[in-house]
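Each value in this text was obtained by applying a stated rule to the coordinates, not by laboratory testing. Here the structure is a predicted model, which means the values were calculated and not measured. Every residue, glycine as well, gets a Cβ built from its backbone with ideal geometry; the counts of neighbours run over all protein chains shown.
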Amino acid sequence: MELLRVGAATLNQIPMDWEGNKRRILYQIKQAQSEKVGVLCFPELAITGYNCEDMFFSLHVARQSVQMLVEISRKCENIVAFLGLPVFAKGSMYNCVAVIQNKKIIGIVAKKVLPREGVHYESRWFEAWKFGEVSRIIIDGDYVPFGDLRFEFGKINIGLEICEEAWGAKGSANAHALAGTELIVNCSASHFALGKYKTRENLVRNASRAMQVNYIYTNLVGLESGRLVYDGGVLIGQSGKITCRGERFEWGEGSLVVHDIDLDEVRVAKLRNRSLTQSYESDMQDLIVKGDTIVHPGRRSKIGQGFLGKGRGNGHKEEEFFWAEVLALYDYLRKTNSKAYIVSTSGGSDSASVAVLIAQMIAVTLDKVGPDQMAKVFGLKPDGDINDPKSWIKKMLIMVYQGTENSSDTTRSAAKGLAEGLGATFFDVDIQDVVNSYTHLTQGIIGRDLSWESDDITLQNIQARTRAPMVWMIANIYNGVLVSTSNRSEAAVGYATMDGDTAGGIAPISGIDKVFLRKWLIWAEQDCPYGLGPISELSAVNAQQPTAELRPSGSVQTDEDDLMPYDVLNQIEKWLIRDRMGPHSILDKLESQYTDIDRRQLRDYLKKFLQLWSRNQWKRERLAPSFHLDDESLDPKTWCRFPILSSGFKKEIDELDDYS
């Protein structure tokens, strides 16, 4: 057998952090060299970070990237490294992967399939290279092959895919595989979404089977630029099987998976599949870059850090959500040089979800990095036992309950009990006098009294808005990040008070729906095996019906009475926004799914959703940045664009009255 030792590195990068990104790359190269790795694969756009956005229009960014590439290449002795960066060439910007061997840049591959849906805007910044075309550019005074390339290192043939090229129907490596390639490397920046990891596994498994190759996939990890979470998760496949997995949701600055692959096994597999041996070698000579022979250290080794088990976050949706959130919250706090999170807690499910996630993040981080590193990262030390997570939570999680005469003992007790159970610092403030002050001043201006009969929304909103200044002050005092607690279901219909409960620098749960959050809280109360473990104090939160508590207590206000059942709301949102269905089709779907609800009632729910959705786009435009958690996001910057001014579905709503 002929073995090749390969490595796949994940990186937790920061856009345009030139020295930091270079340091993290060089560290993984040094680790790989110490393990005698022959081929090392890095993530897409590893030098710059993937999310530089319109800074990719900057020639300065491209020049800095090439400068970093040259500096990194001088450290690449006795190793082949695949390293992503933007390159300005032929009058355009290209998303590229440079191939380095023995301190020399031997070729640069330009991406040929650019994503342009959802969170991806690559076609805004980059030009797609044409399949089968090769050119040359000058790097550090030398001509370097540039374009659609594959590589020969002695008897070893390697092809390259850059992220989307593996997902699209027209991949770039297929022709290379037909020409006798034994190894495909995929440099990816594939953002996290619930359930997406299984899709990646299937992609690697199926690609390795279809091309009868060894296939290496690597990825970024962490909250790179503030919205997109990357879960790492190196995958190595061979002829239809996953032979190695890397851990997901890693703390730290990245990781290295080392694995020995058998090249002869895929060569024999190609021989068995005659269609694959009918190569296009004669048509591809211009695409081949020849490097030096890669030396393998010897017989198959068991040193690899990869594994074949289930791995972190691969069990079910609740676990994936947990790990994506706690990693993102950790990265956001440390990358903004902040010391604490401040939560305006209501005693309800949304603020409870946020508080639990923050507390669990602190506990998990302490377990992973230890108290000394915690002190170094956040620049603080707790007053109590440095090995006790609750000592750190008391310092880093501030929960503030701001009650009015409409707040109940139930929510106050639930908020206080949860704070005590988590170990958070808790403040209970009565703001009714402040609300009264605003109300009296306004009555003096308009010359009449405000009443619940004529000024319902006004009197509700002033309570929520009065809470914002206090928690902003506390955030300033503690050098902390104020967290908005709005969820996606509320964002869809604007069921939130701007400059009130939407106040904050980050909105960690506005990418997830209310129905899932309530299920997750039960899991967090009863079954969570990580960090602090199950949080029994959540029982007082989970026993309640969601309520804003902004009307007088005698009105028995609940969210679903104000809106509609959350399950119905979420289904309408998915069908209208995700599936782009029209109102008539949505009503038919509602009627078939909710047979226990009258059709007229379902029609009224749909009409209300359409009106509220259209009316409240301006609110979604002003929400704090959110973490992207699934492919049903409403974030107008990264996923779902809708006009602030529109017809409001007037024609469609009128037609629903006549639709039968």
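To the nearest 0.05, what FRET efficiency results for Val295 and Ile138 with a Förster distance of 45 Å applied to their C-beta separation?
Given R0 = 45 Å and the Cβ-Cβ separation, E is 0.90.
Which trypsin sites (Lys or Arg not before Pro) in the range 564-660 pass both tests, a DSSP loop state and at most 12 other beta-carbon atoms within 10 Å?
Taking the range 564-660 and a limit of 12 other Cβ atoms within 10 Å, the loop trypsin sites (Lys or Arg not before Pro) found are Arg580, Arg641.
Using only Cα positions of the range 421-526, each an equal point scatterer, no hydration layer, compute I(q)/I(0) via Debye at q = 0.15, 0.19, 0.22 Å⁻¹ and quote the log10 values to two decimals.
These q points yield log10 I(q)/I(0) values of -0.83, -1.13, -1.24.
Over 23 Å between C-alpha atoms is what I'm after, so list which of Lys112/Lys198; Lys111/Lys290; Lys589/Lys650; Lys196/Lys607; Lys104/Lys241 land there.
Exceeds cut-off: Lys112/Lys198; Lys196/Lys607; Lys104/Lys241.
Working out 0.36 nm times the residue gap between Glu655 and Ala375, then minus their Cα-Cα distance, what length gain in nm do you get to one decimal?
Full extension from Glu655 to Ala375 adds 94.6 nm.
What residues of the range 465-486 lie in the reach of a label at Ser437, counting those whose backbone N is under 14 Å from a point 7 Å from the Cα along Cα→Cβ?
466-471
Taking one equal scatterer on every alpha-carbon of the range 6-142, how large is log10 of I(q)/I(0) by Debye at q = 0.13 1/Å?
The calculated log intensity ratios at q = 0.13 Å⁻¹ are -0.52.
Can you tell me how much longer the chain between Tyr530 and Met1 gets when fully stretched, taken as 0.36 nm per residue apart minus their C-alpha distance, in nm with one decimal?
My answer for the length gained is 186.2 nm.
Starting from the Cα gyration tensor of the range 232-271, take the square roots of the eigenvalues, sort them a ≥ b ≥ c, and report rounded, prolate or oblate (rounded when a/c is under 1.5, otherwise prolate if a/b is larger than b/c, else oblate).
The shape class here is prolate.
Assuming 0.36 nm per residue, please report the length gained on full extension of the stretch Lys241 to Ser413 beyond their Cα-Cα distance.
Here the answer is 56.6 nm.
Within 10 Å of each residue's Cβ, count the other Cβ atoms and sort Thr181, Thr466 from fewest upward.
Thr466, Thr181
Going 7 Å from the Cα of Glu405 toward and past its Cβ, which residues in the range 526-556 have a backbone nitrogen under 13 Å from where you end up?
Output list for this probe position: 551-554.
Cut-off is 10 Å between beta-carbons; in what order do Met498, Met211 appear when sorted fewest neighbours first?
Fewest-to-most Cβ neighbours within 10 Å comes out as Met498, Met211.
Take Ser553, Ser592 and order them by how many other Cβ atoms sit within 10 Å, fewest up front.
The fewest-first ordering by Cβ neighbours comes to Ser592, Ser553.
Can you give me the angle between helix 349-378 and the longest principal axis of the chain, using Cα atoms only, in degrees from 0 to 90, rounded to the nearest 10?
Once rounded, one gets 50 degrees.
Please list the three semi-axes, largest first and in whole Å, of the ellipsoid equivalent to the chain, using sqrt of 5 times the eigenvalues of its alpha carbon gyration tensor.
For the chain, the semi-axes come out at 50, 28, 22 Å.
Taking the Cα centre of each part, how many Å lie between the range 600-660 and the range 370-390?
So the separation of the two Cα centres works out to 45 Å.
Please find the FRET efficiency linking Leu59 to Leu271, where r is the Cβ-Cβ separation and R0 is fixed at 56 Å, and quote it to the nearest 0.05.
After rounding to 0.05, the efficiency reads 0.70.
State the answer as a single residue: which of Val97, Tyr332, Val289 lies farthest towards the positive end of the charge dipole of the chain, with beta carbon charges of +1 for Lys and Arg and -1 for Asp and Glu, about the Cα centre.
Val289
Under Stokes-Einstein, with the Kirkwood radius over Cα pairs standing in for Rh, what whole-number D in µm²/s applies to the range 564-660 at 10 °C and 1.306 mPa s?
The diffusion coefficient I find is 112 µm²/s.
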